[in-house]
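Undergrad: A single structure is presented below for examination.
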Amino acid sequence: MSQRILTLRNRIWSLADRVGLWFQINQRGSSWRTEVIAGLTTFATMSYVLAVNPMILSETGMNRAELITATALAAGIFSILMGLLANLPLAQAPGMGANAFFTYTVVISIGVPWEAALGLVFWSGVIFLILTLIGLRQILLDAFPESVKAGMTAGIGLFIAFIGIKNSGLVVPADGVPMIQLGDISTPEALFAIAGLIVTIALMIRKVPGAILIVLSGLTIIGLFVTSADGSPVTPLPTAILAAPIWLDQLWLALDPIHLFNHFSMLFPALLTLVFLDLFSSLVAMNAMCQRAGLVNAQGDMKDPRTALTADALATIGASGLGCSTANVYGESAAGIESGGRTGITAIIVGLLFFAALLLNPIFLIIPAAATAPALILIGLLMCSEIRKVRFDDLGHAGPAIITLFLMPLTSISDGMAIGLMTWVGIMTFSGRVREVPLLSWLLVASFIAYYSFAMY
């Protein structure tokens with residue numbers, strides 16, 4: 001080996017040592033090899049977002065091909081930001097639940113243009129950032145009791161699962177009661193959903209990394225050889241395997257931040273929902289995963305939540321500029337933590353892999369809705385597990401939680417949240433437990449009452 005090569009190798013090892021020292025690799029009991037493997041594992045478990053998020057958001061009229069690019073950029077940039085800023089093995093991407101709320105409630109149900117909906121995402125990120133910097137985030141969270149929070153998470157899960165079930169054709173609209181009925185389960189789309197869900201859950205039970213991605217990819221390939229009811233293949237042939245990333249001609253800085261102020265009374269509940277979804281999901285996910293990684297203090301709390309939450313808030317603001325719904329920390333980061341990831345290097349590896357995935361745009365573009373249906377159903381079912389946190393021995397908490405759970409998929413996520421909180425405050429008041437209600441809860445309920453009164457007239 002020549003002296004020049006030896007010198008270069010020594011410089012590389014020296015640089016790696018300095019970087020590792022900055023990221024505290026040795027102090028946290030990890031290594032470069034472990035961090036890289038952890039990053040690969042996390043990416044494998046959450047890369048389905050490149051197919052599912054564009055599928056959902058494109059229903060607003062946004063360009064699906066550009067959404068693939070926007071999703072990859074958001075996940076890549078802000079996973080790296082989390083790694084550099086907070087030095088945590090937590091990856092970020094446009095969140096499930098928030099994208100469904102963005103599409104089906106804000107745009108389709110309320111009728112807000114998608115550009116204005118991106119403006120709502122922007123302002124929710126700004127509010128989240130302010131709450132984080134001045135330390136008021138916990139006050140907002142305390143306005144909602146734990147039971148209603150659990151009902152919200154489970155309700156959003158039901159909402160997402162229903163989208164997957166509907167997209168697969170397992171259920172179709174019906175006249176009268178019930179309002180839906182079983183569809184034709186012999187169609188390829190319905191069979192994909194049933195078989196895909198079974199296989200995905202089986203793989204997850206066996207702890208196979210990337211189970212959702214494996215099944216999604218398998219169904220997409222099978223769809224090339226299966227014909228749908230109209231005679232066309234379920235999966236169309238791709239125009240190429242690799243291609244240059246599609247630029248964001250339609251989505252880049254397309255947000256309309258002014259629309260909110262022109263329709264504030266109508267959009268206030270939606271704005272509050274976006275803020276709460278981001279804040280609640282981030283705090284819960286971050287704290288749980290940091291506990292699993294041993295990155296907590298003696299009280300079991302994150303050592304520096306402000307830095308991580310700042311990175312999360314900046315991700316939401318940045319995602320709105322890219323043309324995506326709210327970005328937040330992904331629970332799939334737990335897979336990388338289980339593989340030994342303990343530093344921000346894990347998150348940086350995830351971000352770099354999302355950048356590499358930009359070249360696979362033609363492949364992600366052909367993934368059919370039938371292939372994403374099992375992923376949506378499973379994600380929804382996993383979120384429904386939060387209902388176990390409801391105190392069913394206390395009707396004062398169980399009642400509002402169940403109301404929230406049912407109203408979210410049947411009406412909208414924001415209506416379920418608002419009426420759930422209003423119900424809880426009412427029950428606490430008339431049952432002699434008014435002292436359990438924080439001041440902010442009263443203020444929020446008053447604003448909801450004003451909103452619904454205005455909407456009725």
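Undergrad: For residues in segment 176-186 being in a loop (DSSP other than H, G, I, E, B) and either of a type in the set (A, V, I, L, M) or touching a helix residue (DSSP H, G or I) at 6+ places or on another chain (Cβ under 9 Å) (or both), which is modelled with the lowest pLDDT?
TA: It comes out as VAL177.
Undergrad: Next up: Can you work out which of the residues in segment 388-401 that are buried (at least 20 other Cβ atoms within 10 Å of the Cβ) and not small (Gly, Ala, Ser) is nearest to TYR48 (Cα to Cα)?
TA: So, considering only residues that are buried (at least 20 other Cβ atoms within 10 Å of the Cβ) and not small (Gly, Ala, Ser), the one nearest to TYR48 (Cα to Cα) is VAL390.
Undergrad: Here is a further query. With the structure loaded, tell me whether THR346 is β-branched (Val, Ile, Thr) and within 27 Å of LEU274 (Cβ to Cβ) or whether it fails that test.
TA: The answer is no for THR346.
Undergrad: Then there is this: Here are LEU260, LEU271: which of them is touching a Gly at 6+ places or on another chain (Cβ under 9 Å) and either in a helix (DSSP H, G or I) or within 23 Å of MET62 (Cβ to Cβ) (or both)?
TA: That would be LEU260, the only listed residue that is touching a Gly at 6+ places or on another chain (Cβ under 9 Å) and either in a helix (DSSP H, G or I) or within 23 Å of MET62 (Cβ to Cβ) (or both).
Undergrad: Further question on the same structure: Got at least one residue in segment 29-47 being assigned to a loop (DSSP other than H, G, I, E, B), closer than 24 Å to ASN287 by Cβ and at pLDDT below 95?
TA: Scanning segment 29-47 turns up at least one residue that is assigned to a loop (DSSP other than H, G, I, E, B), closer than 24 Å to ASN287 by Cβ and at pLDDT below 95.
Undergrad: Filter segment 57-102 for residues that are more than 14 Å from SER320 (Cα to Cα), among the β-branched types (Val, Ile, Thr) and buried (at least 24 other Cβ atoms within 10 Å of the Cβ) and give the result.
TA: ILE68
Undergrad: Examine segment 303-318 for a residue that is of a type outside the set (Ser, Thr, Tyr), outside any helix (DSSP H, G or I) and free of Cβ contacts under 8 Å to residues at least 24 places away in the same chain, and state whether such a residue exists.
TA: There is at least one residue in segment 303-318 that is of a type outside the set (Ser, Thr, Tyr), outside any helix (DSSP H, G or I) and free of Cβ contacts under 8 Å to residues at least 24 places away in the same chain.
Undergrad: Can LEU219 be described as in contact (Cβ under 8 Å) with a residue 60 or more places away in the chain and not hydroxyl-bearing (Ser, Thr, Tyr)?
TA: Yes; evaluated as a whole, the condition is true for this residue.
Undergrad: Out of SER320, SER265, which single residue is farther than 28 Å from GLN24 by Cβ and modelled with pLDDT of 90 or more?
TA: Within the list SER320, SER265, the selection yields SER320.
Undergrad: Is it the case that segment 189-197 has a residue that's outside any strand (DSSP E or B), over 10 Å from ALA373 (Cα atoms) and out of contact with any Ser or Thr (no Cβ under 8 Å at 6 or more places or on another chain)?
TA: yes
Undergrad: When segment 237-258 is examined, which residues are found to be out of contact with any Leu (no Cβ under 8 Å at 6 or more places or on another chain) and either of a type in the set (Phe, Trp, Tyr) or modelled with pLDDT of 90 or more (or both)?
TA: Hits for segment 237-258 are ILE246, TRP247, ASP249, GLN250, LEU253, PRO257, ILE258.
Undergrad: Which one of these does GLY111 not meet: (1) without any contact (Cβ under 8 Å) to a residue 40 or more places away in the chain; (2) in contact with a helix residue (DSSP H, G or I) (Cβ under 7 Å, 6 or more places away or on another chain)?
TA: GLY111 satisfies all of (1) without any contact (Cβ under 8 Å) to a residue 40 or more places away in the chain; (2) in contact with a helix residue (DSSP H, G or I) (Cβ under 7 Å, 6 or more places away or on another chain) except (2).
Undergrad: Return the pairs, sorted by first residue and then second, in which the second residue is not in a loop (DSSP other than H, G, I, E, B), the first residue lies in segment 417-442 and is of a type in the set (D, E, K, R), the beta carbons are less than 7 Å apart, and the residues are 6+ apart or on different chains.
TA: Correct list of pairs: ARG433/GLY396; GLU436/MET428.
Undergrad: Given the criterion in contact with a helix residue (DSSP H, G or I) (Cβ under 9 Å, 6 or more places away or on another chain), surrounded by 23 or more Cβ atoms within 10 Å (Cβ to Cβ) and under 30 Å from SER109 (Cα atoms), identify the matching residue among LEU279, LEU272.
TA: The match here is LEU279.
Undergrad: Yes or no: ARG4 at pLDDT 85 or above, over 29 Å from ALA371 (Cβ atoms) and assigned to a helix (DSSP H, G or I)?
TA: In short, no.
Undergrad: Only residues that are exposed (fewer than 12 other Cβ atoms within 10 Å of the Cβ), free of Cβ contacts under 8 Å to residues at least 40 places away in the same chain and part of a loop (DSSP other than H, G, I, E, B): list them for segment 222-257, please.
TA: PHE225, ASP230, GLY231, SER232
This table checks each residue for (1) of a type in the set (Ser, Thr, Tyr); (2) crowded, with 24+ Cβ neighbours inside 10 Å.
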{"residue": "THR326", "(1), (2)": "yes, yes"}
{"residue": "GLY331", "(1), (2)": "no, no"}
{"residue": "ALA334", "(1), (2)": "no, no"}
{"residue": "GLY344", "(1), (2)": "no, yes"}
{"residue": "ALA347", "(1), (2)": "no, yes"}
{"residue": "ALA356", "(1), (2)": "no, no"}
{"residue": "LEU359", "(1), (2)": "no, no"}
{"residue": "ALA370", "(1), (2)": "no, yes"}
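The values are calculated or read from the model by the stated rules, or taken from the named source; none is laboratory data. Source: prediction; values computed, not measured. Counting neighbours? That spans all protein chains shown, and the Cβs are built from the backbone with ideal geometry, glycine included.
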